[in-house]
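The values are calculated or read from the model by the stated rules, or taken from the named source; none is laboratory data. Everything quoted here is computed from the prediction, not taken from an experiment. Glycine gets a Cβ as well: all are built from the backbone with ideal geometry, and neighbour counts include every protein chain shown. These accessible areas exclude ligands, DNA and RNA; they are computed on the full protein's heavy atoms, side chains included. Shrake-Rupley method; radii C 1.70, N 1.55, O 1.52, S 1.80 Å.
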Amino acid sequence: MYQPAAFTEERPEVLHDLIRAHPLGLLVSAGAAGLSADPIPFLIDPAEGEFGTLRAHLARANPHVACLHEAQECLVAFTGPQGYISPSWYAAKAEHGKVVPTWNYAAVHAWGKPRVIDDPAWLRRFLEALTHSQEQSLPAPWAVGDAPADFIAGMLRAIVGVEIPIRRIEGKFKMSQNRAMPDRIGVVEGLRARGAYSEPLAALVAERGDVPKS
């Protein structure tokens, strides 16, 4: 990932937080048949390994499983808040007009050697943890044990697990930090004017760019 110094993020706890907040990662692996890529939800275990361990599951019938058996390394790419930045939001537009559009985004890339896991007990524990991570904030959270045992057993036979101890991880928070403060303020105001959908990105631009609260 191209990494200008202004946008680089190396703190593991910050990178793990983005993964937790945006757990759908793009798993990319290379095998005899070429590249395979699948978007799947991950859990991050920060306590296991130097940079943490990623865990997920795939359908047993997915050809990507064979690719994972062969792969010496795979990449998982996570994307956080992102959006188009209009040059009309920059104070510099009125000053000299030498501005162009860009795209702000937060991303985390993690590399590691994948391990395919075909163990019903492991899969059950993982699915319970994954489900809990998404259900815990709901008013009536669903749990794996709510479904009939024979149904869950059948579902478990249809999937395999994947575990990826992270060997290398990098983050990039491109949030207008390279712009002058008046431009950063304009970006925050422009994003917030677009409504609630753009608020997470506006908040990150404000945080990363030390934009004063209005």
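Observations on the structure shown:
- Residue in the stretch 131-141 that is among the polar types (S, T, N, Q), open to solvent by 50 Å² or more (accessible area, probe 1.4 Å) and closer than 30 Å to T8 by Cα present: yes
- Elements of type helices (runs of 4 or more DSSP H) in the stretch 146-214, at least 2 residues being under 18 Å from the mean Cα position of the chain (by Cα): 199-208
Residue-by-condition table, conditions (1) under 30 Å from E50 (Cα atoms); (2) free of Cβ contacts under 8 Å to residues at least 24 places away in the same chain; (3) loosely packed, with under 13 Cβ neighbours inside 10 Å; (4) not hydroxyl-bearing (S, T, Y):
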| residue | (1), (2), (3), (4) |
| --- | --- |
| E95 | no, yes, yes, yes |
| L123 | yes, no, no, yes |
| L127 | yes, no, no, yes |
| A180 | no, no, no, yes |
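- Hey, W111 touching a Lys or Arg at 6+ places or on another chain (Cβ under 9 Å), surrounded by fewer than 15 Cβ atoms within 10 Å (Cβ to Cβ) and of a type in the set (A, V, I, L, M, F, W, C) or not: no
- Residues satisfying the stated conditions in the stretch 38-58, i.e. in contact (Cβ under 8 Å) with a residue 12 or more places away in the chain, open to solvent by 50 Å² or more (accessible area, probe 1.4 Å) and hydrophobic (A, V, I, L, M, F, W, C): F51
- Checked against the criteria, I185 does not count as more than 20 Å from A94 (Cα to Cα) and open to solvent by less than 80 Å² (accessible area, probe 1.4 Å).
- Considering only residues in the stretch 162-178 that are touching a Phe, Trp or Tyr at 6+ places or on another chain (Cβ under 6 Å) and not hydrophobic (A, V, I, L, M, F, W, C), the one that is surrounded by the most Cβ atoms within 10 Å (Cβ to Cβ) turns out to be K174.
- Residue pairs meeting the criteria (Cβ under 7 Å; at least 6 apart or on separate chains; first of a type in the set (A, V, I, L, M) and modelled with pLDDT under 95, in the stretch 1-21; second open to solvent by less than 30 Å² (accessible area, probe 1.4 Å) and part of a strand (DSSP E or B)): M1/A107; M1/K172
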